[in-house]
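Chemist: Here it is, the structure in full.
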Amino acid sequence: QVQLVESGGGLVQAGGSLRLSCAASGSIFSINAMGWYRQAPGKQRELVATIPSGGRITYTDSVKGRFTISRDNAKNTVHLQMNSLKAEDTAVYYCYANIRSAPYWGQGTQVTVSS
């Protein structure tokens, strides 16, 4: 019915960049908040950035100044530009979207930063 698919993950060296993308498809009538979460091995899933339709963009402190979230409403997509990557950014990154008053999650994409 509704599916979120992430892309753009991979392996990069410390200081490098990656751009994650997430496309929503299916029975989509409206999308409110969209965002990205991540989960590193042995750690809880944490919020990285959100971009709600009626509020301010927010970032977790550890990525401020390095990551940028954006969305294209016409294409039902959300992106995460990640610059100056650090080893501690290594995690599975999950796309999130609020669609028809319900939360939806992507399957996740692996980001590995070598050092």
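Chemist: Evaluated at 25 °C with a viscosity of 0.890 mPa s, what Stokes-Einstein diffusion coefficient in µm²/s does region 58-100 have when Rh comes from the Kirkwood expression over alpha-carbon pairs?
Modeler: Details: Rh = 12.0 Å.
So the translational diffusion coefficient is about 204 µm²/s.
Chemist: While we're here: Let me spell out the model: positive unit charges on the Cβ of Lys and Arg, negative unit charges on the Cβ of Asp and Glu, origin at the Cα centre of the chain. What dipole size does that give, in debye rounded to 20?
Modeler: Values: 11 positive and 6 negative charges, 29 e Å.
Dipole of the chain, to the nearest 20 debye: 140 debye.
Chemist: A follow-up question, please. What fraction of the DSSP beta bridges in the chain is antiparallel, stated in percent and rounded to the nearest 5? If you can, show how the numbers build up before the last one.
Modeler: Details: 39 of 43 bridges.
In the chain, approximately 90 percent of DSSP beta bridges are antiparallel ones.
Chemist: Please compute the length gained on full extension between Q107 and A74, using 0.36 nm multiplied by the number of residues separating them and subtracting their Cα-Cα distance.
Modeler: Working: separation 33, 0.36 × 33 = 11.88 nm, distance 2.24 nm.
Net length gain for the segment: 9.6 nm.
Chemist: May I pose another question? Could you grab the relative contact order for the chain? Cα pairs under 8 Å, six or more apart, rounded to a whole percent.
Modeler: Details: 281 pairs, mean separation 42.5, N = 115.
It comes to 37 percent, rounded to a whole number.
Chemist: Any idea what % of Cα-Cα pairs in the chain are farther than 26 Å?
Modeler: Details: 963 of 6555 pairs.
Cα-Cα pairs of the chain separated by over 26 Å account for 15 percent.
Chemist: What is the extension gain from L11 to R45, computed as 0.36 nm multiplied by their sequence separation minus the C-alpha to C-alpha distance, in nm to one decimal? Can you show the working numbers first?
Modeler: Values: separation 34, 0.36 × 34 = 12.24 nm, distance 2.01 nm.
That works out to 10.2 nm of additional length.
Chemist: Same structure again: Mind checking which lysines have their Cα closer than 20 Å to the Cα of K86? Skip sequence neighbours fewer than 8 apart in that chain.
Modeler: Output for K86: K43, K64.
Any read-out appearing in this document is the output of simple, stated calculations on the displayed coordinates, not a laboratory observation. In this text the structure is predicted, and so the values were computed from the model without any measurement. Backbone-built Cβ (ideal geometry, glycine too); neighbour counts: all protein chains shown.
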